[in-house]
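Here the structure comes first, spelled out in C-alpha cells, and everything after it is commentary.
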2 protein chains.
Amino acid sequence: MCTVGVIGLGLIGGSMAIDLKRRGFASRVIGVEQDSIAAEAAKTIGLVDDVVSYEDCIGQADIIVVAVPVGTAVKMVPEILNKIGPDTIVIDVCSTKSQICHATQYHPRRGQFVSTHPMAGTEYSGPWAAQPGLFDGRACIFANTEESSPKAVKRIEELYGVLNMRPTYMNADQHDVHTAYVSHISHVTSFALALTVLDKEKDEKHIFDLASGGFSSTVRLAKSSADMWVPILTQNHDNVLHVMDTYIEKMLQFRDAVFNYDQERIRELIVEANRIKKILR
Amino acid sequence: MCTVGVIGLGLIGGSMAIDLKRRGFASRVIGVEQDSIAAEAAKTIGLVDDVVSYEDCIGQADIIVVAVPVGTAVKMVPEILNKIGPDTIVIDVCSTKSQICHATQYHPRRGQFVSTHPMAGTEYSGPWAAQPGLFDGRACIFANTEESSPKAVKRIEELYGVLNMRPTYMNADQHDVHTAYVSHISHVTSFALALTVLDKEKDEKHIFDLASGGFSSTVRLAKSSADMWVPILTQNHDNVLHVMDTYIEKMLQFRDAVFNYDQERIRELIVEANRIKKILR
C-alpha cells in the first residue's frame, strides 16, 4: 500500500488513478492538474483523493506517475528526480521513449526512474475521458529497464500487474520505431482523412448521414488532441517521417493502379494488404 | 408476404436473407450462390430456405435481390429484367450506383428495378460473415427513384423499413461522389496502411503485440475482399481518383510540416482535422 501521485489528470493519468485506487494498489491517490477546469472536473468526478500542488505531490507520493504530453515530460522528469527522496519511484507513460530516456540517462537518480508506455487509450482526452479498465489486457512497454534499479522495475511491474497489462521490454529507440508503425502513422492517416473529407464534403449532413462504420473507424483517431500529438510527431521525427514516406509510396502505387484501371495490380495490392488478417483478428 | 430471392449469399445478401425471413417480410427466402463451398455453408448455417439455381430463383421470387460484386451486377440486372414477369421487382445493393443505373436506364422494364445501397457492412465477407441486425439504424440510399415505378419503390421502402434502415434519396452520380469520400477512400487508406506496416514490420509478433486499439481500427478495413473492391475502385474511377489526389495532397502537407519540425503548422492541421468531432460522435 502506498501513495500514488499522478501528474496530469487526463485520459491516461485519470484512468490509472481510478484503477490503482479501486484495485487496492494505492491507499491514497493524489493528483496534480494545471488546467483549473480539468482540476475541478477531476475532483468532481472523484478521480483522486486530493488534487494537490506539484510540490506537495513530489513531497508526499511514493510513486509519481508523470502523465503529461511528452514535450513537458522530458523537462519534468529530471526536475522531479532532483527533488525526491531515495525511496520514491518516478514513471512516465509517454508515447515516445528515446528523448525522455536520453534526457535522464546520466541523472544520478536514473535508477529511480522507470520509463513505460502503457499501450491503451481512446481518441478522447481530459479527466472526463478517464475510465476504469482502460488498460486491461493491453501491452505495456518498459523501455531501457537496465538503466533503472531492479527494485524500482519490480515495483512498477506490480503496478502494471494490477492494471492487468502484459509487460514487454525493449530499447527506447526500438520502441520509437515500432510505435511509429503501429500507432503514430495511424493517427496521421486519420488526420489526413478527416482533412480530405472536411475539405470536400461541405454538406456536413451528408458526412453524418452516409458515414458507415468503416469511415467512422478509420477516421476516429482524427479526434485526438493536438497537445498530445504535436510533441509525439516532432519528437519521433525521423521514424515518423520514414513511415510517412513509405506510406505515401504505397498510396501512390495504389493511385497509379486506379489511374490506369489496372484491375490486376489493384487486386494484387489488396490481396497483399489482406495479410493483416492473419496477424490482427 | 412474398418469396424473396437473394443472388449472392455473402455478407450483405446473407444478412438480408436472415432478417427478411425472421422479421416476417418474406414467407420464403431462396438463394443463389455460385461458389459451391459458400453455397454449402449457406445451407448449413440456414441463411435461406433453399439454395436454388439462378433460373429457378428468377422464376419463383417476387423480389430479387442482386447482391453480387458490382462488376457482375451491371451485366446481371438487365439480364434478369429481360426474364421476369410484370409483378417481379429487382433490386441491387451495390456500393457504386452510376454504372448500374446507366446500364439499365433505357431498359423497357426499368420501372421494375430499384437501385439501392444499404450502407452497412463489416470487413468480413462470405455467408459466414452474415449476421442478424446488420442494417438496423443505418442509412439506405435509393438512387434515381424517378426511373422506377412508384409501386416498386414503395414495396422496397417497406423491405428496408423491416430492416430498420433510414431511406435517403439521391441521384446515382451524386451517390458515387459522396461514397468516394465517406467510404471508398477509407478502404484505400486502410489498404495502404496495412501495406506500409507489413512491408516494414518484418516481425509479426510486434505488430500483434503492440497494435493498440487505434491501429486495429484504422487498419481493419484492409481485411476487405478484393472481389468486392476491385470493381468498386474501377467503376468509381474518377471520383475515387479525385479523392485520392486530395488525400495525397493533405498527406504531403502533413509530411512537410513534420519534415520542417513546424509545430505550429502540425497543430493547425490537427485542430482542423478535429472538426470531425462535431460531425461524428
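We did not get these values from a lab; they are worked out from the coordinates using the rules stated. The structure displayed is predicted, hence computed values, not measured ones. Neighbour counts are summed over all protein chains in view; Cβ atoms, including those assigned to glycine, are modelled from backbone coordinates with ideal geometry.
The dipole here belongs to chain A: it is taken about the Cα centre, uses +1 on the Cβ of Lys and Arg and -1 on the Cβ of Asp and Glu, and is about 720 debye. Projecting 7 Å from Cα along the Cα-to-Cβ direction, the label point of A:ASP136 sits 2.3 nm from its equivalents in the other copies, listed shortest first.
Pairs of Lys residues in chain B are counted when their Cα atoms are under 22 angstrom apart and they lie 8 or more places apart or on different chains; the count is 13. Legend: calculated FRET efficiency, B:LYS154 to B:ASP199, from the Cβ-Cβ distance at R0 = 45 Å, rounded to 0.05, equals 0.30. Counting only DSSP H runs of at least 4 residues, each contributing -39500 (n - 2.57), and dividing by the residue count of chain B, the helix-based mean residue ellipticity at 222 nm comes to -16000 deg cm²/dmol. Relative to the longest principal axis of the Cα atoms of chain B, the long axis of helix B:150-162 makes an angle of roughly 60 degrees. Within the listed set A:LYS250, A:LYS83, A:LYS21, the Gaussian network model of chain A (springs between alpha-carbon atoms below 10 Å) gives the highest mean-square fluctuation for A:LYS250. The other copies place their A:ARG275 label points at 3.9 nm from this one, listed shortest first, where each point is 7 Å from Cα along Cα→Cβ. Give the residues of region A:213-237 whose amide nitrogen is closer than 19 Å to a point set 7 Å from the Cα of B:ARG265 in the direction of its Cβ. Once the point is set 7 Å along Cα→Cβ of B:ARG265, A:226-227, A:229-237 turn out to lie under 19 Å by backbone N, inside region A:213-237. Working from Cα pairs under 8 Å separated by at least six residues, relative contact order for chain A is 16 percent. In terms of its C-alpha gyration tensor, region A:175-279 has an oblate overall shape, because the principal axis ratio a/c (a ≥ b ≥ c, square roots of the eigenvalues) is not below 1.5 and a/b does not outweigh b/c. Placing unit charges on the Cβ atoms only, positive for Lys and Arg and negative for Asp and Glu, gives the protein assembly as shown a dipole magnitude near 940 debye about its Cα centre.
With the simple spin-label model, which puts each label point 7 Å out from Cα in the Cβ direction, the A:ASP56 to B:ARG23 separation comes to 5.7 nm.
Between the residues A:GLY46, B:ILE207, A:ILE12, the greatest Cα displacement towards the positive end of the dipole of the protein assembly as shown, with unit charges on the Cβ of Lys, Arg, Asp and Glu, is found for A:GLY46. Annotation for A:LYS154, label-to-label distances across the other copies: 8.0 nm (shortest first, one decimal, point 7 Å from Cα along Cα→Cβ). Against chain B, whose longest principal axis is taken from its Cα atoms, helix B:237-259 shows a tilt of about 20°. Distance from the alpha carbon centroid of region B:254-271 to that of region A:81-154 works out to 27 angstrom. Put a plus charge on the Cβ of each Lys and Arg, a minus charge on the Cβ of each Asp and Glu, and nothing anywhere else: the dipole of region A:175-279 about its Cα centre is then about 360 debye.
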